[in-house]
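Novice: Got a structure for you, questions after.
Derivation of every value follows stated rules applied to the coordinates shown; laboratory data play no part. These figures come from a predicted structure and were not determined experimentally. Here the Cβ is made from the backbone with ideal geometry for all residues, glycine too, and neighbour counts use every protein chain on show.
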Amino acid sequence: NAGVMQNPRHLVRRRGQEARLRCSPMKGHSHVYWYRQLPEEGLKFMVYLQKENIIDESGMPKERFSAEFPKEGPSILRIQQVVRGDSAAYFCASSPAGDTQYFGPGTRLTVL
Amino acid sequence: QQQVKQSPQSLIVQKGGISIINCAYENTAFDYFPWYQQFPGKGPALLIAIRPDVSEKKEGRFTISFNKSAKQFSLHIMDSQPGDSATYFCAAAFNAGNNRKLIWGLGTSLAVNP
């Protein structure tokens, strides 16, 4: 059973561009979580999704950020018009609807 | 209060020593307490977890001690090794409506000196 897959692992964008981060959950997992982590800091919850539904987006910035988890395909975290402050590691985790979350390796976003 | 307070922020331990990381909470609705380990450049990985019906859980060199009345739980790493150097996060889960929600501590950076 493959683990949580995230791609790309590293993403460089210029200010104003769009960033798309993809997450494929573990097989059989229908719950996906996105987190942001700045260097030397903790995990900041962003959004929790189930297939085709956003369950909790209380940690998502109101503007420029969106997330989806379609019926088919990976979950996508989309950041429009990126700014330097968006530079961070973005982690995706999946769960089979229990308490344990399994994390992917992360996508490191650098905004120039 | 949906917070989990973790301490210390950083910890240095000699090889062979005991590393102790503490977490405290207020919300009595929390019913699952996992610890995650994160190495630099990697995603967090579940290390060990406990439910409040037991006071201690041990897996190898890692032990969770849980004090329900004090609303505290701690991670003990016995015979700490340089390979244990990582960031450790405690968390607590509860039912939020029809869903489960996980609240995270801010992490402890552990360095084990050889």
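Novice: I want to check the label-to-label distance for A:D56 and B:K57. Put each point 7 Å from Cα in the C-beta direction and report it in nm to one decimal.
Specialist: 1.9
Novice: At a threshold of 8 angstrom on Cα-Cα distance, excluding pairs fewer than six apart, so keeping six or more, what relative contact order does chain B reach in percent? It would help to have the intermediate numbers written out before the result.
Specialist: Values: 286 pairs, mean separation 41.3, N = 114.
Here the relative contact order equals 36 percent.
Novice: Across chain A, where is the longest run that never hits GluC sites (Glu not before Pro) in a DSSP loop with at most 12 other C-beta atoms within 10 Å?
Specialist: Details: sites that count: A:E18, A:E40, A:E52, A:E63, A:E72.
So the longest stretch without any such site is A:73-112.
Novice: What shape does region B:29-114 take by its C-alpha gyration tensor, where a ≥ b ≥ c are the square roots of the eigenvalues and a/c under 1.5 counts as rounded, a/b above b/c as prolate, and the rest as oblate?
Specialist: Working: a/c = 2.50, a/b = 1.48, b/c = 1.69.
Here region B:29-114 falls in the oblate category.
Novice: Reachable lysines from A:K27, Cα under 19 Å, same-chain residues fewer than 8 places away excluded?
Specialist: Output for A:K27: A:K51, A:K71.
Novice: Only four residue types carry charge here, +1 at the Cβ of Lys and Arg and -1 at the Cβ of Asp and Glu. Report the dipole size of chain A about the Cα centre in Debye, rounded to the nearest 20. Mind showing how you got there, number by number?
Specialist: Details: 16 positive and 11 negative charges, 101 e Å.
Value, rounded to 20: 480 debye.
Novice: Another one. List the relative contact order of chain A as a percent without decimals, with contacts defined as Cα pairs under 8 Å and 6+ residues apart. Walk me through the numbers before you get to the answer.
Specialist: Details: 286 pairs, mean separation 41.2, N = 112.
Relative contact order comes out at 37 percent.
Novice: Please list B:14-20, B:53-59, A:31-37, A:73-79 highest first by mean number of surrounding beta-carbon atoms within 10 Å per residue. Before the final figure, lay out the partial values.
Specialist: Working: B:14-20: 14.3, B:53-59: 11.4, A:31-37: 23.1, A:73-79: 18.1.
By packing density, highest mean first, the sequence is A:31-37, A:73-79, B:14-20, B:53-59.
Novice: While we're on this one: Normalising by the residue count of region B:1-44, find the relative contact order in percent from Cα pairs under 8 Å and 6+ residues apart.
Specialist: Numbers: 30 pairs, mean separation 17.6, N = 44.
For region B:1-44, the relative contact order is 40 percent.
Novice: Label A:N7 and A:S87 with points 7 Å out from Cα along Cα→Cβ: what is the distance between them in nm?
Specialist: The two pseudo-label positions are separated by 2.6 nm.
Novice: Let me ask something additional. Say each of B:H76 and B:N98 gets a label point 7 Å from the Cα, pointing the same way as Cα to Cβ; how far apart are those two points in nm?
Specialist: Result: 4.3 nm between the two label points.
Novice: Which lysines does B:K68 reach when only Cα atoms under 28 Å apart count, and residues fewer than 8 places away in its own chain are ignored?
Specialist: Straight-distance partners of B:K68: A:K44, B:K5, B:K57, B:K58, B:K101.
Novice: Next up: Taking amide H positions as placed 1.01 Å from N in the peptide plane, with prolines and chain starts having none, which residues 5 or more places from A:A88, or on another chain, fall under 5 Å of its amide H?
Specialist: A:L109
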